[in-house]
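Read the structure below first, then the notes.
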Amino acid sequence: MSKAHFGLIGLGVMGENLVLNAERNGFSSVVYNRTFSKTEEFLNGRGAGKQIEGAKDLREFVEKLERPRRILVMIKAGSAIDSVIETISPYLESGDLLIDGGNSEFRDTERRVLELEKKSFGFIGMGISGGAKGAMEGPSMMPGGTKNSYDAIESLVCKMSAQVEDGPCVTYIGPGGSGHFVKTVHNGIEYGIEQILAEAYDLMKRAGGMKGEQMADVMARWNETEELSSYLVEITEACLRVKDPVDGEDLVEKIMDKAGQKGTGLWTVVSALELGAPVPTIYAALNARVMSSIKDQRLSAQSLIKSWDLKPFEMGTFEDGMAPLMDAVVLASIASYAQGMELLRIGSMQYGYNLQMPSIAQIWKGGCIIRSQLLGRIQHAFHNNPQLPNLLVAPWFADQVSLRLPGLTRIVAGGVERGIPLPCFSSTLDYINSYRTGRLPQNLVQAMRDCFGSHTYQRVDKEGIFHTEWLD
Ligand code: 6PG
């Protein structure tokens, strides 16, 4: 019997859909799951009648694969990956390749690439974005590791990934843990945009008195604009339209307001802090999830701390597409991308990843959760200037900022006056205002540091390092 082209370990929803995707694209496959009953269930169900066979143990799994073996591991990130590597390694041969397609911490991937390359196996850390549907129909894929390892999977991933007008949504990202680093930052941007849309919803509902259908109509309208056309706006519209079948009310209002997280947003912020990259909008989104999780405390504070009447305020009309609110959503979304790209640029220099910014924007244009028309503009901006320090200063984006800053300012001021928390909108406003201020007040911070700790300072009017005895 001929050997299979591709192996998959881990039959969760993502794993199942990815193997069905590979098989549909002409790659006969072998699957392995820790519990064999799950494998049987899959082979008799969604996998029936396809070029997919099962294996009871890892030895049989490896034996059924052609060489060099290409094995995608889709299991929970963390120590489970190390234990699969340890168990399968004795059966692998030189040139065989393991691909970790989960959301692993990029430093873990860095270590695994080094360890496995020493044994002459390849290891690819590949971010995969697009959720269950994307995995089946074509995700965005971010593979990192050695170029040789990537070459061995290129034909497979180019067929499996989403396709956009200028190619497949996959490219060689770079060495070591770069694929997972890029996926982590993708998720940080994802956190940002989700929170931005939640803030727009909160304002429309609490300050505008709007219902699900009306808010969904606004989302539909925004989704037709170049600036906001995106997958996340599209699914926000869908979420706002769904009714609870029991009473016909908006289902979203029945959902507990506590947001979970699996780690990638946190890792984005930790990396940014370590690298000295400013990501305030993304951090605000992460912190908003943390605040949401302390529901009991929020409820008791609500009864203790006085609030005041919420008077409606001018957020635009449906006819003008809620213009100022749209300004806020556009600028905060641009800020999330700008901060994520800036983090990638700084991380690339620090870790020697040599990331190609236009290519990263290109592979995010289809298949992934943050796909949007804006990414075409982002790709273009980095193509025109690969050394671009910040998206905000690329001509098209600078025009957007100038045009929309008054709207964002109005929305933040209106929200603040009414006591409505707008973490992403307000931190974006501070970010933009800081970024466009030539002289910030950190001269005084420097004076204080020098005053109590002799930390010294530089002057604007002459060269050198200075210290003053401030208290004498
Ligand atoms: C994707 C997503 C996905 C992620 C979920 C949940 O790109 O398909 O980023 O990989 O796991 O969105 O993330 P949180 O639970 O941290 O929100």
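We did not get these values from a lab; they are worked out from the coordinates using the rules stated. The shown structure was predicted, so the numbers you read here are calculated from the model rather than taken from an experiment. Because the Cβ atoms are built from the backbone with ideal geometry, glycine has one as well, and the counts that use them run over all protein chains shown.
Of all aspartates and glutamates in the structure, those lying under 18 Å Cα to Cα from LYS258, and not within fewer than 8 positions of it along the same chain, are GLU190, GLU194, GLU199, ASP202, ASP250, ASP296. In plain terms, the chain from ILE294 to GLU63 could stretch by 78.1 nm, reckoned as 0.36 nm per residue minus the Cα-Cα distance.
Against the empirical curve 2.2 N^0.38 Å, the C-alpha radius of gyration of the range 183-435 lands at a ratio of 1.00. For the chain, the longest principal axis of the alpha carbon atoms and the long axis of helix 231-241 meet at an angle near 80°.
Between ASN384 and THR225, what FRET efficiency comes out of the Förster formula 1/(1 + (r/R0)^6) with R0 = 22 Å and r the beta carbon distance, rounded to 0.05? Efficiency computed from Cβ-Cβ geometry: 0.45. Percent of alpha carbon pairs in the range 339-472 separated by more than 22 Å? Value for the range 339-472 (Cα pairs over 22 Å): 59 percent. Taking the helices alone, the chain has a mean residue ellipticity at 222 nm of -17000 deg cm²/dmol, built from -39,500 (n - 2.57) per DSSP H run of at least 4 residues and averaged over all its residues. Against the chain, whose longest principal axis comes from its Cα atoms, helix 280-293 is set at around 80 degrees. Electrostatic bookkeeping for ARG404 treats Lys and Arg as +1 and Asp and Glu as -1; over the other residues with beta carbon under 11 Å from its beta carbon, the sum is -2.
Extents of the chain, largest first, come to 80, 68, 45 Å (Cα atoms, principal axes, whole angstrom).
For the range 247-333, the list of GluC sites (Glu not before Pro) that fall in a loop by DSSP and count at most 14 other C-beta atoms within 10 angstrom reads GLU249, GLU314, GLU319.
For the range 244-310, the relative contact order comes to 37 percent (Cα pairs under 8 Å, sequence separation of at least 6). Length gained on full extension, LYS56 to ASN44: 2.8 nm, using 0.36 nm per residue less the C-alpha separation.
What do you get for chymotrypsin sites (Phe, Trp or Tyr not before Pro) in the range 130-200 restricted to DSSP loop and a cutoff of at most 13 other Cβ within 10 Å of the site's Cβ? Don't jump to the answer; show the numbers that get you there.
Details: sites: TYR150, TYR172, PHE181, TYR191; in loops: TYR172.
Here no loop site has a sparse enough neighbourhood.
Here the range 391-426 is scanned for amide nitrogen atoms under 13 Å from the site 7 Å beyond the Cα of SER434 along Cα-to-Cβ, giving 426. The DSSP beta bridges internal to the chain are antiparallel in roughly 30% of cases. Under 18 Å of direct C-alpha separation, and excluding same-chain neighbours fewer than eight residues apart, LYS462 reaches these aspartates and glutamates: ASP450. Can you flag which of LYS38/LYS64; LYS50/LYS183; LYS56/LYS183; LYS205/LYS254 are past 25 Å Cα-Cα? Among LYS38/LYS64; LYS50/LYS183; LYS56/LYS183; LYS205/LYS254, the Cα-Cα distance tops 25 Å for LYS50/LYS183; LYS56/LYS183.
Each 10 Å bin from zero holds the following percent of Cα-Cα pairs in the range 6-176: 11, 43, 38, 8, 0. So how tilted is helix 423-435 from the main axis of the chain? Cα-based, degrees 0 to 90, rounded to 10. Compared with the principal axis, the helix lies near 70 degrees.
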